[in-house]
Amino acid sequence: MMDQWFSRCSLRGAGAHVWAAALLAASVALAGIAPAPASTPHRVLAFARSLAPRAGQPGRLSGPSGVATDSSGDVVVADTGHDRVVRLTASGRFLGVLGGPGVLSEPSGVAIDAYGDVYVADTGHDRIVEFAADGGVLRVWGSEGEGPGQFEFPTALALEPGGDLYVADTANGRLQRFPPTGGLPTQIIGRPGTRPGQFDAPEGVAVSPAGDVLVSDTGNDRVEVFSSTGAFRRAWGRPGSDPGRLNGPEGIAVHASGAVLVADGGNDRVEAFTATGQFLRATQSRRASQMLQGPDGVATDCSGRVQVADGDGNPLFALPTYTALLELRELLASRGVAGRWSD
């Protein structure tokens, strides 16, 4: 239920911070030509097409949740109902699977590092499984429990530029940070509760270009932001269905434009916010075949396209590059907030 465009689209290894800063600067430079009309602040993020294979085709999905993309634009999606992870091209062509029954149990979160290795939140087994790009299992860590390095229903994953992995330890109401090799966490953020810095069943995590950690605090209907050291920065969101309100937010991603995309599962939509939580836009569609039904995961690729895992509706949707990237850039620039991630 995560996506970090800056870590996947950079040169492998140490260039992530430089590449991210360059892309954000380009976003600001390209943005100010044609700001979005002030009369349409909630205009649609329209769907382009479904990426999901059809019934009877290889890779047919059942209750997909987490989704991520690699540097080439290929998509991996946690095919939760089939106990596997499915690989697709950017156009939706089936490439293969990772795991399967006996290896994974109800996987939910996925993340891809700069080398193409895939991390999976193996939710039913309360552990993390790392697959090599060729499909082999590299390492497994975690077990059921409440101690450091243990999990209760882990759901969402996010990689930070240095390669550390954040895990939303959902039923334990916390976030754990691990080195790339797994083992014991180097950081634990949050605990169960409703106060700032606390969580109620968090099911989404992302990392901003500045290293801030964004968490979908699902049970509290809000997004919380922490520094890379774990210090609480801010929170936004209120329960409800009006534009900008949240109802069980799950997947979260930071777009190249600087916008924060949130899978607002209980409201059957994806919403876009500025880095400080100002509402920008939400998805909508007049076509029944393109309406979301409890979206779980959201991701962006290196071209600015947005992928949405529509858990209850089963398809995997793609939002077009123009609407997802250019219009958000224009709107952010018109409000003077494009690319603002450092305090």
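The values are calculated or read from the model by the stated rules, or taken from the named source; none is laboratory data. Bear in mind that the values here come from a model prediction, so they are computed numbers and not experimental data. Glycine also receives a Cβ, built like all others from the backbone with ideal geometry; neighbour counts cover every protein chain displayed. Ligands, DNA and RNA are stripped out before the accessible areas are found, and what is left, the full protein with its side chains, is counted by its heavy atoms. Shrake-Rupley method; radii C 1.70, N 1.55, O 1.52, S 1.80 Å.
Within segment 106-124, the set of residues being within 17 Å of residue 168 (Cβ to Cβ) and part of a loop (DSSP other than H, G, I, E, B) comprises 106, 107, 108, 109.
Filtering segment 191-200 to residues that are open to solvent by less than 30 Å² (accessible area, probe 1.4 Å) and either at positive phi or over 18 Å from the mean Cα position of the chain (by Cα) (or both) leaves 193, 197, 198. For residue 267, indicate whether it is out of contact with any Asp or Glu (no Cβ under 7 Å at 6 or more places or on another chain) and at pLDDT below 85. No, not satisfied. On inspection, residue 338 does not qualify as part of a loop (DSSP other than H, G, I, E, B), touching a Phe, Trp or Tyr at 6+ places or on another chain (Cβ under 8 Å) and either under 17 Å from residue 216 (Cβ atoms) or at pLDDT below 60 (or both). Comparison of 107, 161, 179, 154 shows that the only residue that is under 29 Å from residue 224 (Cβ atoms) and more than 19 Å from the chain's Cα centre (by Cα) is 179. Yes or no: residue 112 open to solvent by less than 10 Å² (accessible area, probe 1.4 Å) and under 18 Å from residue 252 (Cα atoms)? Considered against the rule, which asks whether it is open to solvent by less than 10 Å² (accessible area, probe 1.4 Å) and under 18 Å from residue 252 (Cα atoms), residue 112 comes out as yes. Against the numbered list (1) open to solvent by 40 Å² or more (accessible area, probe 1.4 Å); (2) within 13 Å of the chain's Cα centre (by Cα); (3) of a type in the set (Gly, Ala, Ser), residue 235 comes up short only at (2).
Considering segment 115-126 alone, what residues qualify as being open to solvent by less than 10 Å² (accessible area, probe 1.4 Å) and of a type in the set (Gly, Ala, Ser)? Selection gives 121 alone. All conditions but one from (1) of a type in the set (A, V, I, L, M, F, W, C); (2) at pLDDT below 95; (3) open to solvent by less than 20 Å² (accessible area, probe 1.4 Å) apply to residue 210; the one that does not is (3). Restricting attention to segment 248-270, which residues are in a strand (DSSP E or B) and either more than 11 Å from the chain's Cα centre (by Cα) or under 17 Å from residue 293 (Cα atoms) (or both)? Of everything in segment 248-270, those that are in a strand (DSSP E or B) and either more than 11 Å from the chain's Cα centre (by Cα) or under 17 Å from residue 293 (Cα atoms) (or both) turn out to be 249, 250, 251, 252, 261, 262, 263, 264, 269, 270. Pairing each residue of segment 51-66 that is at pLDDT below 85 and in a loop (DSSP other than H, G, I, E, B) with any residue that is of a type in the set (D, E, K, R) and open to solvent by 20 Å² or more (accessible area, probe 1.4 Å), provided the two are 6+ apart or on different chains, yields C-beta distances under 6 Å for 53/60.
Conditions tested, residue by residue: (1) within 16 Å of residue 67 (Cβ to Cβ); (2) touching a Leu at 6+ places or on another chain (Cβ under 6 Å); (3) crowded, with 18+ Cβ neighbours inside 10 Å.
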{"position": "100", "(1), (2), (3)": "no, no, no"}
{"position": "105", "(1), (2), (3)": "no, no, no"}
{"position": "134", "(1), (2), (3)": "no, no, no"}
{"position": "146", "(1), (2), (3)": "no, no, no"}
{"position": "151", "(1), (2), (3)": "no, no, yes"}
{"position": "155", "(1), (2), (3)": "yes, no, yes"}
{"position": "172", "(1), (2), (3)": "no, no, yes"}
{"position": "178", "(1), (2), (3)": "no, yes, yes"}
{"position": "185", "(1), (2), (3)": "no, no, yes"}
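Kindly check whether there is at least one residue in segment 84-98 that is open to solvent by 40 Å² or more (accessible area, probe 1.4 Å), more than 22 Å from residue 167 (Cβ to Cβ), aromatic (Phe, Trp, Tyr) and at pLDDT 70 or above. Yes, because at least one residue in segment 84-98 is open to solvent by 40 Å² or more (accessible area, probe 1.4 Å), more than 22 Å from residue 167 (Cβ to Cβ), aromatic (Phe, Trp, Tyr) and at pLDDT 70 or above.
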